[in-house]
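As structure tokens, the structure follows; a few thoughts come after it.
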Amino acid sequence: MNTNRLSKKIEDILNKQITKEAEASQVYLSYGSWADSEGYGGIANFLFRHAQEERNHMMKVMQYIMERGGRPKISAIAAPSKDPKNLQDCFEKTFNHEVDNTTAIYGIVNLAHEEKDWATYNFAQWFVKEQIEEEKLIMDLLDKLKIAGGLKASNESLFILDKALGKAKDSVPLAREASSDNPE
Ligand SMILES: [Fe+2]
Ligand SMILES: [Fe+2]
């Protein structure tokens with residue numbers, strides 16, 4: 001008896017997402033290692049913590065496939081791209097990676113909708129929400145760097161930025177979650 005509740009196409013796209021989240025984790029690891037070598041220990045710490053978050057996303061997809069009677073497939077992951085040229089480049093590339101991942105999530109939502117697989121559609125909504133948060137997190141990094149002076153930032157302002165990011169929260173508050181009781 002076949003108890004797999006996922007279609008072949010859905011299982012395939014979810015398996016691709018496992019690889020994508022693992023690749024995202026590698027990107028954060030590699031940028032973190034670059035940041036540390038440039039002397040930005042706080043930013044490295046921020047990126048390393050985020051690498052862990054991407055791994056958790058990977059596990060979340062694996063668990064969903066298993067819950068539905070499917071079989072997660074672990075594939076080779078691509079090497080992360082070259083070191084960024086500077087912090088601006090680092091944050092911009094990170095942002096592009098997140099947008100690319102959002103597009104992949106939308107692909108899952110589209111397919112689930114097409115197949116009327118409402119369980120997967122519902123599962124993917126968590127990631128839709130998560131990606132809003134992730135994109136905002138990196139937008140905030142770009143904003144902070146801009147205020148610090150962008151490419152012309154002084155060593156002193158970069159020092160302060162690095163320290164602040166080392167202690168920054170891993171997630172960002174979103175406007176739609178604010179309430180009068182909790183006006184973040
Ligand atoms: Fe992710
Ligand atoms: Fe992400």
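List of remarks:
- Subset of the range 97-109 (residues that are touching a residue at least 40 places away in the same chain (Cβ under 8 Å) and either more than 13 Å from ligand 2 (Cβ to nearest atom) or charged (D, E, K, R) (or both)): 98, 107, 108
- Selection of the range 71-96 for residues being within 16 Å of ligand 2 (Cβ to nearest atom) and in a helix (DSSP H, G or I) yields 90, 91, 92, 93, 94, 95, 96.
- Residue list for the range 26-42, restricted to those being away from ligand 2 (no atom under 16 Å from the Cβ) and either assigned to a helix (DSSP H, G or I) or among the acidic types (Asp, Glu) (or both): 33, 34, 35, 36, 37, 38, 41, 42
- Contacts under 6 angstrom Cβ, first residue in the range 121-137 being surrounded by 15 or more Cβ atoms within 10 Å (Cβ to Cβ), partner part of a helix (DSSP H, G or I) and among the acidic types (Asp, Glu), 6 or more apart: 134/98; 135/98
- Residue in the range 97-116 that is part of a loop (DSSP other than H, G, I, E, B), touching a Ser or Thr at 6+ places or on another chain (Cβ under 7 Å) and crowded, with 16+ Cβ neighbours inside 10 Å present: no
- Whenever a residue of the range 43-71 is under 15 Å from residue 19 (Cβ atoms) and in contact (Cβ under 8 Å) with a residue 24 or more places away in the chain, its partners that are among the charged types (D, E, K, R) and within 14 Å of ligand 1 (Cβ to nearest atom), lying with C-beta atoms within less than 6 angstrom and at least six residues away or across chains, give the pairs 54/21; 57/21; 58/21.
- Output for the range 5-21, where each listed residue is among the hydrophobic types (A, V, I, L, M, F, W, C) and within 13 Å of ligand 1 (Cβ to nearest atom): 18
Throughout, read-outs are computed from the coordinates displayed, never taken from laboratory work. Not measured: the values here are computed from a predicted model. Because the Cβ atoms are built from the backbone with ideal geometry, glycine has one as well, and the counts that use them run over all protein chains shown.
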